[in-house]
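Since the structure comes first, as structure tokens, the remarks are kept for the end.
The values are calculated or read from the model by the stated rules, or taken from the named source; none is laboratory data. All values derive from a computational prediction rather than experimental measurement. Glycine also receives a Cβ, built like all others from the backbone with ideal geometry; neighbour counts cover every protein chain displayed. Heavy atoms of the whole protein, side chains included, go into the accessibility calculation; ligands, DNA and RNA do not. Shrake-Rupley method; radii C 1.70, N 1.55, O 1.52, S 1.80 Å.
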Amino acid sequence: DEVVIPASHNSMSIADGTWFLAEQPKDMVESLDDGIRGLLVDTWYGQPTTDGGALTAPESLAGAEAALAETYGDQVVASVRRTIDRVRDEEPVGPSEPYFCHTVCEIGATPMQPVMDRLNAWMEAHPREVVVLFIQDTVTPEDTAAVLEQAGLADKAYVHPGNAEWPTLGEMIDSNTRLL
């Protein structure tokens, strides 16, 4: 409770040519090599397309539109809908799955699983580092947990019990519960 860490907002929104209005110069795992230890991300359900992008899955689209309407109003939702409709010239080529997207996947999307696999590999290579993953989610906790489990991160996750005192970073490292 007395630690300050460098973090990146919308960590998944990277300037790799696939994100519209990208916010970060490097992807999440690469940013860890630069000292970032807090990753603030948004998760949504998306469906892959043949061009490597994704479409916002039907189960997430209504929630995305509601969030946009609440924040920006109906006119912005109508504008976003027109934009999405223009870029939705492809049919999805797979089922819905967890993605890192910023509200709608059509303007930038990264499948969640490969990034979490790489995060686990980075944490394995850096056994004395603690990483905070702050998830603004529309993906269910169960599906998020499944991704973390498959990546090998679930065992590294620290789960804070109620009002208990927070462990030190050293205690988290020693117990290998280094993903918060």
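Among the residues making up region 146-164, those that are more than 19 Å from C101 (Cβ to Cβ) and without any contact (Cβ under 8 Å) to a residue 24 or more places away in the chain are E149, A154, D155, A157, Y158, V159, H160, P161, G162, N163, A164. Within region 99-118, residues that are at positive phi reach partners that are assigned to a strand (DSSP E or B) and at pLDDT below 90 with beta carbons closer than 7 Å, at six or more positions or on different chains, in the pairs G108/H102. The residues in region 19-59 that are part of a loop (DSSP other than H, G, I, E, B) and open to solvent by less than 80 Å² (accessible area, probe 1.4 Å) can be counted, and the count is 10.
Here C105 meets the list (1) part of a helix (DSSP H, G or I); (2) under 14 Å from the mean Cα position of the chain (by Cα) almost entirely, failing just condition (1).
Taken as a whole, the structure places R128 among residues that are within 22 Å of L39 (Cα to Cα), open to solvent by 50 Å² or more (accessible area, probe 1.4 Å), in contact (Cβ under 8 Å) with a residue 24 or more places away in the chain and assigned to a loop (DSSP other than H, G, I, E, B). Residues of region 131-148 being under 19 Å from P95 (Cβ atoms) and either outside any loop (DSSP other than H, G, I, E, B) or open to solvent by 30 Å² or more (accessible area, probe 1.4 Å) (or both), which ones? Result: D137, T138, T140, E142, D143, T144, A145, A146, V147.
Is it the case that P114 is at pLDDT 95 or above and surrounded by fewer than 16 Cβ atoms within 10 Å (Cβ to Cβ)? Outline the logic, then answer.
Details: at pLDDT 95 or above: yes; surrounded by fewer than 16 Cβ atoms within 10 Å (Cβ to Cβ): yes.
Spelling it out, P114 is indeed at pLDDT 95 or above and surrounded by fewer than 16 Cβ atoms within 10 Å (Cβ to Cβ).
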